[in-house]
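So the structure is just underneath, and the comments pick up after that.
Please treat every number below as a calculation from the coordinates, not as lab data. Source: prediction; values computed, not measured. Cβ coordinates were reconstructed from backbone atoms using ideal geometry, including for glycine residues, and neighbour counts include every protein chain displayed.
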Amino acid sequence: MHGPVLSGWLLVSLCGATGAYCLLRTRDGAARERGAAQAEALMGFGMAAMALPAAVLTPPGWAWLVYVVVFGAAALHAAARAGKGAHHLHHLIGSLAMVYMALAMAPGMSHGAGSGHAGHGAGAGGSAGGVPLLTGVLLAYYAVYVLRSAGRLIPPASGVTVGAGAAAVGGAGWGRRPELALACRLAMGTAMFAMLLTL
């Protein structure tokens, strides 16, 4: 995830802010909604940590094992609920993608680079140990996911007045704003696509 420093910091900011908002959402809603928000917060903070520029932090070799364990457990949790809705299936794919990226960046997995972290990204001169076909499938999935999410954010043409819309927005807490939750998912999908591009 560690190409140019600026793009790394942009990903850290985007994913960190998304994780923080998802954490805020865990205080409201039904148990199912809070569970989804917890999974998204974990994903956001995990992606932010993974995107830290190598010039700022080069993690120890065992850090990638922590990613694998944490997101492997998240994948098992999502797999147990995958039959209950498409959103759980998306969490499963996201968690497995995080495991895949952690393995691809782990020391010894990169091709021609001394460290998966420092040798990863466009500016490193090396390439991570990703499997091109699997990376391509994940890129295609996230491209479709981002486009669909962006389409759902476009408001439909309706006869709702500005006053009624403002009242609806004003009456909703930050954790109960579906358009913000969707925007966060769109942001994380875009960030995941960007991170996969560097493999």
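Points to keep in mind about this one:
- Chain lengthening between L153 and H87 when straightened (0.36 nm per residue, less Cα-Cα): 22.1 nm
- Phi-derived couplings, Karplus 6.51 cos²θ - 1.76 cosθ + 1.60 at θ = phi - 60°, listed residue by residue for region 140-156: 5, 4, 6, 5, 5, 4, 5, 5, 5, 5, 4, x, 6, 7, 6, x, x Hz, with x used for Gly and Pro.
- A crude spin-label estimate for the pair A17 and Q38, with each label 7 Å from Cα along the Cβ direction, gives 2.7 nm.
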